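Coordinate-derived values only; no laboratory data. Bear in mind the structure is a predicted one, so any value in this text is a computation, not a measurement. In this analysis, Cβ positions are derived from the backbone assuming ideal geometry, glycine residues included, and neighbour counts consider all displayed protein chains.
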Amino acid sequence: MQKSILSVFILLFFSFCLKAQNDRFYSPLEGLSGTTMHGFFQDSKGFLWIPTDNGLNRFDGYSFKVYKHNPGDTTTLNSGAAYSVFEDYRGNLSVGTNYGLNLYNYKFDNFRQIKFYMKQSQFSLIVNSIVEDSNKKLWLITSHGLIRFDPITESYSFYNHRFRNDGVPYHSKYNQAVIDEKGNLWIGTEDYSVLIFDIQKESFLSIGQYTGLNYEFPDRTILTICQSSPKQILFGTQRAGIVCFDTAEKRFQQSGYSTNRDNPLDGGIYSIVKDQKGTIWVGTEHNGLKQYDPVSNKLTDVNHLVNLTNIDKAKFFCYNDQAGVLWFCIQYRGIYQKISSVKMFHAVWNSG
């Protein structure tokens with residue numbers, strides 16, 4: 001009887017230990033360069049890239065390597081503040097900063113700084129995100145509109161819905177974008193809610209012009225966009241929660257954070273990610289971590305799933321990697337890795 005009880009205790013103990021190993025937390029103590037983070041990106045080699053205001057971090061599952069700006073070295077990043085990372089169809093990595101674009105060279109482990117010119121003067125801008133179209137052109141979503149960039153010829157063109165009389169684009173902060181099944185860009189902006197850019201006609205359309213619906217977004221600021229399915233686009237707003245658009249039924253629906261007075265509509269939704277099981281994770285500011293159910297059109301608090309204290313008011317960025325592991329950037333705290341098994345994450349480096 002005593003042996004049986006002891007065996008059960010040992011099994012429970014090891015089960016607890018395995019469960020405790022599931023989630024991991026990384027802070028500047030582990031080598032992260034800063035906690036003002038702007039998201040995640042995993043490349044085809046398995047490296048996880050984390051852009052921050054204090055350099056670009058590359059994580060291989062064991063340690064961080066930090067890339068920073070060196071004013072005397074043009075093979076470093078063109079700025080210390082990194083905002084976005086993207087890998088194109090050739091496996092080449094582009095890094096957006098608050099000063100423009102950088103192309104990473106895996107072989108030499110350095111960067112080529114791309115300079116943009118307008119009216120023969122160098123034009124600096126923030127590259128908030130990057131997407132690739134079916135013609136293998138990159139679209140930079142920036143603080144001054146769109147830039148179409150050819151990574152092979154390094155040629156580019158500016159597009160904005162507002163230009164000055166001299167042809168220079170106004171500051172028109174475009175935050176994120178997705179490309180729909182028709183090949184058009186849906187762009188979340190700072191002051192004009194959502195704009196649709198017809199890539200073929202090179203023209204901007206309003207929601208009404210594109211959908212034929214008389215719909216006005218409940219918020220002028222769209223912080224993030226996620227195409228959760230071929231027929232569904234989710235928009236994360238500054239103060240109005242999530243707006244869901246069904247492209248098949250041409251129907252919009254809005255879901256606020258909560259009716260709880262202690263959980264107000266404040267701070268904004270900064271990331272929306274659908275994991276491999278179909279769960280939609282929502283990272284907010286001032287409201288922590290949530291899940292969204294498109295069927296019931298409800299947001300649910302899930303801060304209890306993160307084994308850290310005082311994160312109910314934190315700012316979250318969510319990411320689902322190639323192995324199905326969830327990562328959360330928790331602003332001013334660090335990176336939280338939530339995994340469903342004891343399998344360790346690590347990058348596979350192949351220099352060839």
Would you list which aspartates and glutamates come within 17 Å of residue 45, measuring only between C-alpha atoms, while excluding same-chain residues fewer than 8 positions from it? 60, 87, 88, 109, 321
If I model a spin label as a point 7 Å beyond the Cα along the Cα-Cβ vector, how far apart are those points for residue 66 and residue 171 in nm? 2.9 nm
If I model a spin label at residue 300 and residue 229 as a point 7 Å from the Cα along the Cα→Cβ vector, what separation in nanometres do I get? 1.8 nm
Measure nothing fancy, just the Cα-based angle from helix 2-22's long axis to the longest principal axis of the chain, in degrees from 0 to 90, nearest 10. 10 degrees
PRE zone check, label point 7 Å out along Cα-to-Cβ of residue 309, amide N under 19 Å, scope segment 22-66, hits 24-29
Between segment 272-289 and segment 213-240, what's the alpha-carbon centroid distance in Å? 15 Å
Karplus (6.51, -1.76, 1.60) ³J(HN,Hα), θ = phi - 60°, over segment 186-194, in Hz, Gly and Pro reported as x: 9, 10, x, 10, 7, 10, 10, 6, 10
A 27 angstrom limit on the alpha carbon distance is what I want to check against. Which of 68/315; 182/315; 107/182 exceed it? 182/315; 107/182
12 Å reach of a label modelled at residue 163, 7 Å along Cα-to-Cβ, counting backbone N of segment 106-140: 119
Ordered by packing density, taken as the mean number of other Cβ atoms within 10 Å over each peptide's residues, highest first, how do 71-84, 153-166 rank? 71-84, 153-166
